[in-house]
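None of the figures in this text is laboratory data; all of them are computed from the coordinates on show. Worth saying up front: this structure is predicted, and the values here are computed from it rather than measured. Glycine also receives a Cβ, built like all others from the backbone with ideal geometry; neighbour counts cover every protein chain displayed.
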Amino acid sequence: MLQISLRSIALVESISCVTDPTATNIQINTYTCISILTFFRPELAISMDDAETTKKVDLYVIEKVRQLREANSISQEALAERMGVSAGYIGQIESPKYRAKYNLYHLNHIAKIFNCSPKDFLPQEPI
């Protein structure tokens, strides 16, 4: 019998275990792997302070993109079309109700659209 205690439950959004009939092979998802890793190596866990900082950085980036979008009179739908994402995706990113956010690929693409550098969306100093 395999028993695993999850130390970092905040990182576990879903756990899916699939076992074969003999229970010798177990496949688990990424969140579970992170949780198992942080159980054995707690120093690798993301602290609540780090998680809050990440959130602040995400919000900063989202706001900078929104400001640039609005300054250029581009709608969420128009930006989404130019980025090749669904019409509602930009709205989800800009809404605090959703966890969607821009990734580096998005920022690079947006920088091309607005003829600027991806670093223009990042804070000058660490948050």
Listing Glu81, Glu94, Glu70 by rising number of other beta-carbon atoms within 10 angstrom, fewest first, gives Glu70, Glu81, Glu94
When the chain is fully extended, how far beyond the present Cα-Cα distance does Glu81 get from Asn103, taking 0.36 nm per residue of separation?
-> 6.2 nm
For Val57 and Gln124, calculate 0.36 nm times their separation in residues minus their Cα-Cα distance, and state this gained length in nm to one decimal.
-> 23.0 nm
